[in-house]
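Engineer: Okay, here's the structure, questions in a sec.
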Amino acid sequence: MASMPPIDVPPNATGAGKFDAPTVGAADPARFEYLLRLGDDALVLGQRLSEWCGHGPVLEVDISLANLSLDLVGQATLLLNEAGDGDRLAFHRDVLDFRNCLLVEQPNGDFAQTIARHLLYTSWQHMLLQRLTQSSDTFLSEFAHKAVKEVAYHRELAADWTIRLGDGTEESARRMAEGLDWNWRFVPELFEVDETLQTMIDRGIAADPRAFEEEYRSEIGNVLAEAKVDTPPDHRPILGGRRGHHSEHLGHLLAVMQFLPRTYPDAVW
Amino acid sequence: MSSDWPLWEVFVRSKGGLSHRHVGSVHAPDAELALAHARDTYTRRMEGVSLWVVRSTDIVASDPEQAGELFEPAESKIYRHPTFYDIPDEVKHI
């Protein structure tokens, strides 16, 4: 399977204005980068899910999605505060400096597409956090112990809904399959190991995602089998989020999320 | 859509040793998601350690018309109340 050629962001294209947070960790650049990747994943997915607030298909699902969102924003707060000034990193950084994977920034679409994205991401996140509990980094190990319980519930709920929509009515099955199709091409990025990640794996801090790719594919396969949805075919994978090469969707998300602190930089509450 | 989903009554045990108490209801397509909805709606602020959900239609309720014959006779039987005992301060949850 050929992967897309990497599109390198020109070094002068940082997008950083005078309000922007530093995007290189002075003390330990690789660890800073790894914290940003995990923190940005949680922040961006949390923000995406919060867009459902007040728009859920039923009241109970609305509350449920808001809960998932809050769990993720809580995780992002811990991770970005460990990397530096969490608020500044969240609200004073532009698209090119975000390090989240492409999957989490994908639009909500309908409820099925949101559930597909959540199943694909949190199944991966859960396996990663299980391994990060053994990290040699005290912060990451303690973080993983806390977050792994939250994410276990996310994964469970996403699987429950996938099965009910996939094995539901003709319309829900169609929407579930389309939601999976949309998100499937962003899965390979979750298992990409670049130089930074390899360094962190070698230091015993990061978990190697390649070690659980097979387990991941088999777990997703089992959920989809129970949901009576075909596993989508693998197309050319789309990579680049970890290097700041994002889809157009992230800029719109940040425009909403960062509007207030960028317009009123001294605002407090 | 919500009207298609049955109603479930939610009971929460706030901590070990206490009984489950009725706290409200949720709509859900089946028992498993009723538990998930109950968890997300009623235990967000550490309200509980255990949840029960039961289909609202499975609850057998007394008839309000019969309130007189069912409950009023108890009003005149003060000797059934344990108010003539001193309860030690150490005894909780009474």
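The values are calculated or read from the model by the stated rules, or taken from the named source; none is laboratory data. In this text the structure is predicted, and so the values were computed from the model without any measurement. All Cβ positions, even for glycine, are placed from backbone atoms using ideal geometry, and neighbour counts span all protein chains on display. To get the accessible areas, we keep the full protein, side chains included, count just its heavy atoms, and leave off ligands, DNA and RNA. Shrake-Rupley method; radii C 1.70, N 1.55, O 1.52, S 1.80 Å.
Engineer: Report the calculated FRET efficiency for B:His20 and B:Val91 (r = Cβ-Cβ distance, R0 = 22 Å), to the nearest 0.05.
Structural biologist: Values: r = 21 Å, r/R0 = 0.97.
After rounding to 0.05, the efficiency reads 0.55.
Engineer: Net charge near A:Pro107, counting Lys/Arg +1 and Asp/Glu -1 over other residues with Cβ under 12 Å of its Cβ? Could you put the intermediate results ahead of the total?
Structural biologist: Numbers: positive: A:Arg48, A:Arg117; negative: A:Glu51, A:Glu105, A:Asp110, A:Glu248.
Spelling it out: positives minus negatives among the neighbours equals -2.
Engineer: Where does helix A:59-83 land angle-wise versus the long Cα axis of chain A, in degrees 0 to 90, nearest 10?
Structural biologist: So the inclination is approximately 30 degrees.
Engineer: Find how much the distance from A:Glu156 to A:Thr231 grows on full extension, using 0.36 nm per residue of separation minus their present alpha carbon separation; answer in nm with one decimal.
Structural biologist: Details: separation 75, 0.36 × 75 = 27.00 nm, distance 1.86 nm.
Answer, rounded to one decimal: 25.1 nm.
Engineer: Which positions within the range B:41-64 get 20 Å² or more of their accessible surface covered by the other protein chains, compared to the chain by itself, with a 1.4 angstrom probe?
Structural biologist: Listed by number, the residues meeting the 20 Å² cut-off are B:Thr41, B:Arg44.
Engineer: Rounded if a/c is under 1.5, else prolate if a/b is larger than b/c, else oblate: which is the range B:1-71, with a ≥ b ≥ c the root eigenvalues of its Cα gyration tensor? Present the calculation step by step, with values, prior to reporting the outcome.
Structural biologist: Details: a/c = 2.81, a/b = 1.27, b/c = 2.22.
Taking the square roots of the gyration eigenvalues as a ≥ b ≥ c, the range B:1-71 is oblate.
Engineer: Still on this model: Distance between Cα centroids, the range A:169-196 to the range A:95-155: provide it in whole Å.
Structural biologist: Rounded to whole Å, the Cα centres lie 14 Å apart.
Engineer: Using DSSP to define loop residues, name the trypsin sites (Lys or Arg not before Pro) in the range B:24-71 whose beta-carbon has at most 13 other beta-carbon atoms within 10 Å.
Structural biologist: The qualifying sites are B:Arg44, B:Arg45.
Engineer: Counting only heavy atoms of the protein chains, get the accessible area per residue of chain A (1.4 Å probe) and round it to a whole Å² value. Mind showing how you got there, number by number?
Structural biologist: Details: 12120 Å² over 269 residues.
It amounts to 45 Å² per residue over chain A.
Engineer: Now for a separate question. Enter the accessible area per residue of the range B:1-75 (Å², integer; probe 1.4 Å; all protein chains in place).
Structural biologist: Numbers: 5010 Å² over 75 residues.
Here the residues of the range B:1-75 average 67 Å² of exposed surface.
Engineer: Classify the range A:30-75 as rounded, prolate or oblate from the Cα gyration tensor: take a ≥ b ≥ c as the square roots of its eigenvalues, call it rounded if a/c is under 1.5, otherwise prolate when a/b beats b/c and oblate if not. Working shown, then result.
Structural biologist: Details: a/c = 5.36, a/b = 3.33, b/c = 1.61.
Prolate shape, in that a/c is at least 1.5 and a/b is the bigger ratio.
Engineer: Residues of the range A:155-177 losing 50 Å² or more of accessible area relative to the isolated chain, 1.4 Å probe, heavy atoms only?
Structural biologist: A:Trp161, A:Arg164
Engineer: In whole percent, how big is the carbon plus sulfur part of the accessible area of the protein assembly as shown, probe 1.4 Å, protein atoms only? Kindly include the intermediate steps, with their values, before the conclusion.
Structural biologist: Details: 10630 of 19370 Å².
Solvent-exposed carbon and sulfur of the protein assembly as shown make up 55 percent of the total.
Engineer: Also: Give me the one-decimal Kirkwood hydrodynamic radius in Å for the protein assembly as shown, with the sum taken over alpha-carbon pairs. Provide the component values of the computation, followed by the final result.
Structural biologist: Numbers: mean 1/r = 0.0432 Å⁻¹.
Here the Kirkwood hydrodynamic radius works out to 23.1 Å.
Engineer: OK, next. Mind giving me the FRET efficiency for A:Asp266 and A:Ser136? R0 is 35 Å, r the Cβ-Cβ distance, nearest 0.05 is fine.
Structural biologist: E between A:Asp266 and A:Ser136, to the nearest 0.05, is 0.30.
Engineer: Can you give the FRET efficiency to the nearest 0.05 for B:Lys77 and B:Val49, using r as the Cβ-Cβ distance and R₀ = 35 Å?
Structural biologist: Numbers: r = 36 Å, r/R0 = 1.04.
Given R0 = 35 Å and the Cβ-Cβ separation, E is 0.45.
Engineer: Which value, in square angstrom to the nearest 100, describes the accessible area buried between chains A and B on both sides, using a 1.4 angstrom probe? Walk me through the numbers on the way to the answer.
Structural biologist: Numbers: alone 12810 and 7880 Å², together 19370 Å².
Buried surface at the A/B interface: approximately 1300 Å².
Engineer: Please work out how much length the chain gains when fully extended from A:Glu213 to A:Asn108, using 0.36 nm per residue of separation minus the C-alpha to C-alpha distance, in nm with one decimal.
Structural biologist: Details: separation 105, 0.36 × 105 = 37.80 nm, distance 2.49 nm.
That works out to 35.3 nm of additional length.
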